[in-house]
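What follows is calculated from the coordinates using simple rules that are stated; it is not laboratory data. For clarity, every value in this text was computed on a predicted model and none was experimentally measured. Counting neighbours? That spans all protein chains shown, and the Cβs are built from the backbone with ideal geometry, glycine included.
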Amino acid sequence: MLAQPIVVGIDGGPASVAALQVAIREAELRHSEVHAIICWPADARNDDSSSTRCDSHERATQILEHVIGEATHHKADHVTIVREVSQSYAGPTLVAAARSADLLVVGSTDRGPGTRHSTHHTVEHCLRYAVAPILVVPWTLAVLDERDIEMDLPQAAVAR
């Protein structure tokens, strides 16, 4: 029997790709499926600095499929990804979907004061109103991989 789904919000940017990757890993561990949701009209993220207006069901579907392709590296996966394109506000839609979920995963492109994107409001709404546990995937996970992170350990610690 499958566990409750992992719900993930998608906006088209690198943080939502990273969030979907995390959701897929969690679904594998929990033997559940992923429920990927994109909402429109909204600003769809092209990257961490620019956005385009997502103002149609067709465009939202294209963005969702692109993010799924990027997150799965265009390979078939053994985790089922249920797709939802919703003409509604992201925050309330994700909160409603997460009522029967094991986990809600959202990506954050917020880099601090003065750089708030529309995703900040979605994340804030989810943190305030969702009843499911929430995992916020920071934008840094989207732009860094393990090879980019260098550990600066003192020599004494390495020698032990």
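Odds and ends about this structure:
- Available extension along the chain between Arg83 and Ser56 is 8.1 nm, counting 0.36 nm per residue and deducting the alpha carbon span.
- Extension gain from Thr72 to Leu127, taking 0.36 nm per residue of separation minus the Cα-Cα distance: 17.1 nm
- Calculated FRET efficiency for the pair His120/Thr140, C-beta based, R₀ 25 Å, to 0.05: 0.95
- Spacing of the two label points (7 Å from each Cα toward its C-beta) at Ala3 and Leu29, in nm: 0.8 nm
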